[in-house]
1. Write out, first by first residue and then by second, each pair whose Cβ atoms fall under 6 Å of each other, whose residues are 6+ apart or on separate chains, and whose first residue, in the range 47-60, is in contact (Cβ under 8 Å) with a residue 24 or more places away in the chain while the second is acidic (D, E) and more than 9 Å from ligand 2 (Cβ to nearest atom).
2. Do we find that T127 is surrounded by fewer than 19 Cβ atoms within 10 Å (Cβ to Cβ), in contact (Cβ under 8 Å) with a residue 60 or more places away in the chain and more than 26 Å from L506 (Cβ to Cβ) in this structure?
3. Tally the residues that are assigned to a loop (DSSP other than H, G, I, E, B) and more than 16 Å from ligand 1 (Cβ to nearest atom), restricting the search to the range 375-391.
4. Every residue in the range 176-200 that is crowded, with 24+ Cβ neighbours inside 10 Å, part of a loop (DSSP other than H, G, I, E, B) and away from ligand 1 (no atom under 16 Å from the Cβ), please.
5. Sort through E407, E468, E475, E482 and tell me the only one that's modelled with pLDDT under 95 and either more than 30 Å from T7 (Cα to Cα) or of a type in the set (A, V, I, L, M, F, W, C) (or both).
6. Please enumerate the residues belonging to the range 497-518 that are of a type in the set (G, A, S) and on the phi < 0 side of the Ramachandran plot.
7. Say we look at the range 201-248 and pick out the residues that are among the hydroxyl-bearing types (S, T, Y) and either modelled with pLDDT under 95 or not in a loop (DSSP other than H, G, I, E, B) (or both); which of these is surrounded by the fewest Cβ atoms within 10 Å (Cβ to Cβ)?
8. Within the range 350-374, restricting attention to residues that are within 12 Å of ligand 2 (Cβ to nearest atom), in a loop (DSSP other than H, G, I, E, B) and touching a residue at least 40 places away in the same chain (Cβ under 8 Å), which residue is farthest from K155 (Cα to Cα)?
Amino acid sequence: MNDTIETDFDAIVVGAGFAGIYMVHKLRNELGLTVRAFEKGSGVGGTWHWNRYPGAMSDVEGFVYRYSFDKELLQEWNWTSRYTPQADVLAYLEKVVERHDLARDIQLNTAVESAVFDETRAIWTVTTSGGASHTARYVVTALGPLSKTNLPDIKGRDSFAGRLIHTGAWPEGVTVHGKRVGVIGTGSTGTQFICEASRTAAHLTVFQRSPQYVVPSGNAPVTPEQVAAVKADYDRIWDQVRNSMVACGFEESTIPTMSVSPEERRRIFQEAWEEGNGFRFMFGTFCDIAVDPAANKAAAEFIRSKIHEIVEDPETARKLTPTEYYAKRPICNAGYYEAYNRPNVSLVSIQENPIVEITPRGVITADGVEHELDILVFATGFEAVEGSYNQIDIRGRGGESIQDHWEDGPSTYLGVATSGFPNLFMVLGPNSAFTNLPPGIETHVEWIAELVRTVENGGHSSIEATREAEDGWTETCREIAEQTLFAKIDSWIFGANIPGKEKRVLFYFGGLGAYRQKLREVAAADYDGFRLRGGVALAAA
Ligand code: FAD
Ligand code: NA7
């Protein structure tokens, strides 16, 4: 261990969502390091602190949308519905913070603005929004893949006299009850909001750019017996999750779509439709929907047929019907298409009838109509993955900024480290596994903790990914992504939702099981692809 240089903390963690909370626990309570986390929000919880819009919830089933590490809490924590609403995920994360006494080392209302590596001493200096500077040997960024909101610059946006709210910064307590509401965006968030707001708003106008494939979530109350059965089976459940592809708590199919008759296909799709869940529909019915065009077409046609069955007005049904591949992050909801049968809901296809401008009163579309609104909701998503990194001036060896390092697209080794930035570790950095995220986060936190332990126990001053390892991993992720249909569609998964941004690979699509295997192999080979450096003298050399 580098014991000649004094730092304020052994480690600094940035962010206090699922990732930062567990990272603080690991480093402080298990490794015995001194740790400070900085969180720019006024509370812990990350996504679940910020996204308080009506209808916000996890769309991965609640029993696996949580940590597995705290076995006692797994037994204590109860739930009443298949999916977990925002307030309950937040309460759960607050409980974890309380149980493990983490709050005293999490500084809220504090944004990290810069992190600069001093090569001669092998330490990081982190500067925060209050102007304070702190030193540490390790920095872990737990910034969240979906924490930098995307607020499109639509003409007249700031002139709106009502309330303009991005779903990712929803003010506590604001409801849409009895209001004239407009919503731009129909992704996972927009569709959740639409389902909920359609029930309470006086009028809801949906401004839809791309139609979406949405399957039912099958959300329903769960009985105490069902909860008890899950609790009794948790060891097996987590084992299955960790070795699966998308880590959502169901067995992924191994059957190719075209290997069964059309009748059998429809039966399987119908069964999944009735059971509900987006990931289950895409990955639990057949094994090749995300990779084989014919398989994808079969699934897409099934969903299209449902839209026409459900939506009463044929013109609305036509506008809601997607024609491209079914290859965005799968969406599920309770009653999305049904919402358009309500008299208080109207749909504007802005592909056909674009927004011309936002005025103080509402939104004017190309047909000359001014849609008068009290609340205009931007459900326009996030600048995914690297967006949060662009808000911090991170400088590694030679003063290189991470933005310059990622000029041709963000790259990492295994999603956790990048060359030239020693002792900087990322939870869910670029090219991490595309899965239900809490199991992915736990994988990273636990692996990073072992990496830190290795540096500490070996008397090293720093560890750094090599450029070759980083390039190799980037290429692996690119090759796998190219085999999927996800790569053929523009969405946030490829950073293709941000105007002017080139489409880039941001995830490893090989599945959590394969990803964890790779991490095990790298660790077993003495952290192959990383370079360890010695004490202060070596670091200075
Ligand atoms: P976050 O929860 O985003 O936390 C990151 C934190 O870092 C934030 O609090 C942020 O304020 C803070 N931060 C960022 N930059 C700085 C800085 N410079 N200084 C200080 N603090 C900073 N995933 C799923 O797997 N399943 C789901 O069903 C699901 N549903 C979702 C629904 C919504 C509405 C959204 C937005 C996301 C959803 N996600 C879902 C993704 C979700 O983000 C992850 O599951 C998980 O919560 C990520 O945790 P995290 O700690 O990595 O990031
Ligand atoms: P998404 O999935 O990126 O959805 C954003 C939506 O906003 C989508 O319908 C976009 O249309 C639309 N959008 C984005 N920019 C514009 C502009 N400029 N004009 C009109 N419409 C626009 O974000 P979500 O928050 O729904 O979901 C992100 C993840 O968070 C999700 O997968 C969960 O994990 C939670 P487009 O489809 O691009 O045409």
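1. Going by the 6 Å Cβ cut-off, the qualifying pairs are R52/E172; P54/E196; G55/E196.
2. Values: surrounded by fewer than 19 Cβ atoms within 10 Å (Cβ to Cβ): yes; in contact (Cβ under 8 Å) with a residue 60 or more places away in the chain: no; more than 26 Å from L506 (Cβ to Cβ): yes.
It is false that T127 is surrounded by fewer than 19 Cβ atoms within 10 Å (Cβ to Cβ), in contact (Cβ under 8 Å) with a residue 60 or more places away in the chain and more than 26 Å from L506 (Cβ to Cβ).
3. Of all residues in the range 375-391, those assigned to a loop (DSSP other than H, G, I, E, B) come to 379-381, 383-388.
Filter again for more than 16 Å from ligand 1 (Cβ to nearest atom), leaving none.
Total satisfying the criteria: 0.
4. Correct list: V176 only.
5. On the way: E468 fails: modelled with pLDDT under 95; E475 fails: modelled with pLDDT under 95; E482 fails: modelled with pLDDT under 95.
The match here is E407.
6. The answer is G510, G513, A514.
7. Keep residues of the range 201-248 that are among the hydroxyl-bearing types (S, T, Y), which gives 205, 210, 213, 217, 223, 234, 244.
Now drop any that are not either modelled with pLDDT under 95 or not in a loop (DSSP other than H, G, I, E, B) (or both), which leaves 205, 234.
On the way: T205: 23, Y234: 16.
Selected residue: Y234.
8. Only one residue fits best here, namely Q351.
The values are calculated or read from the model by the stated rules, or taken from the named source; none is laboratory data. None of these values were measured; they are calculated from a predicted model. Glycine gets a Cβ as well: all are built from the backbone with ideal geometry, and neighbour counts include every protein chain shown.
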